[in-house]
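Report on one structure; see the data block that follows.
The values are calculated or read from the model by the stated rules, or taken from the named source; none is laboratory data. Values in this document were obtained by computation on a predicted structure and should not be read as measured data. Glycine also receives a Cβ, built like all others from the backbone with ideal geometry; neighbour counts cover every protein chain displayed.
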Amino acid sequence: MRPPPDQNPAPAECTRCDELRDEERRAEAALDTSRATDCRVLLRRHPHPREILDRIGEAHPALTPDPGVGLWEREVRLLQRDSVRVRSLAERILGQGIAYLVTAMEKPGNDMGPGFEVDQGVHQVILDTPVYFALCAAYNGGRYKHHAPLIQRRRDGIVLRTADLIAANGFAVDWELWEVDASDCGPCDDKVPDSH
Ligand SMILES: [Zn+2]
């Protein structure tokens, strides 16, 4: 018989944490203490989408009505129920969707847009409307950040530029999920104020 599904599986390994730890080790081996210190600071500051959602869920218990199911787990299950049926893929897509939304809010004024794959994670969060409001409260100064797509997908390289912006904001980038849409790009635009 198969074991019951894990209620709270451990987070996937973080490629950015691994890179920073490797770089810290190389810097220490080269006696470059200032670079090693920089790496430790970056490691401490570097954001993780799962922690971002779970912190919001813990601060607002009404967002997680199912007993024992935290906010990250809730959004993964909703995404699995409605569109991305493979759990590991749902987690990857949700993580990049959160990284996108938080970066769009923290770094306003950039032309940003996800491709089809990551947009599924973005839409999942926006559809759980009180969760999206709580994210706006935490990362957009309490102002609602609109999501206002164009009809036509853009083909101007915006998807990979967006992934670069997310990386520059400290998030791990799951490049496969961005590269798959690199040539067919995203429909997002900043046509209304404070939108993505
Ligand atoms: Zn990490």
Q) Which condition number does G142 fail, the rest of (1) of a type in the set (G, A, S); (2) closer than 23 Å to A59 by Cα; (3) in contact with a helix residue (DSSP H, G or I) (Cβ under 8 Å, 6 or more places away or on another chain); (4) touching a residue at least 12 places away in the same chain (Cβ under 8 Å) being met? A) (4)
Q: Looking at (1) loosely packed, with under 15 Cβ neighbours inside 10 Å; (2) closer than 18 Å to R50 by Cβ; (3) of a type outside the set (A, V, I, L, M), find the lone condition where Q152 falls short.
A: (2)
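Every residue, every condition in (1) more than 30 Å from R21 (Cα to Cα); (2) among the β-branched types (V, I, T), yes or no:
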| position | (1), (2) |
| --- | --- |
| V41 | no, yes |
| I56 | no, yes |
| L78 | yes, no |
| L94 | no, no |
| G121 | no, no |
| L127 | yes, no |
| R143 | yes, no |
Q) Among the residues of the stretch 38-64 satisfying the criterion of being over 13 Å from A138 (Cβ atoms) and surrounded by fewer than 15 Cβ atoms within 10 Å (Cβ to Cβ), which is farthest from the ligand (Cβ to nearest atom)? A) A62
Q: For the stretch 144-160, name all the residues that are modelled with pLDDT of 85 or more and more than 17 Å from S195 (Cβ to Cβ).
A: G157, V159, L160
(Q) I'd like the full set of residues that are touching a helix residue (DSSP H, G or I) at 6+ places or on another chain (Cβ under 7 Å) and hydrophobic (A, V, I, L, M, F, W, C), limited to the stretch 16-50. (A) C17, L20, A27, A36, C39, L42, L43
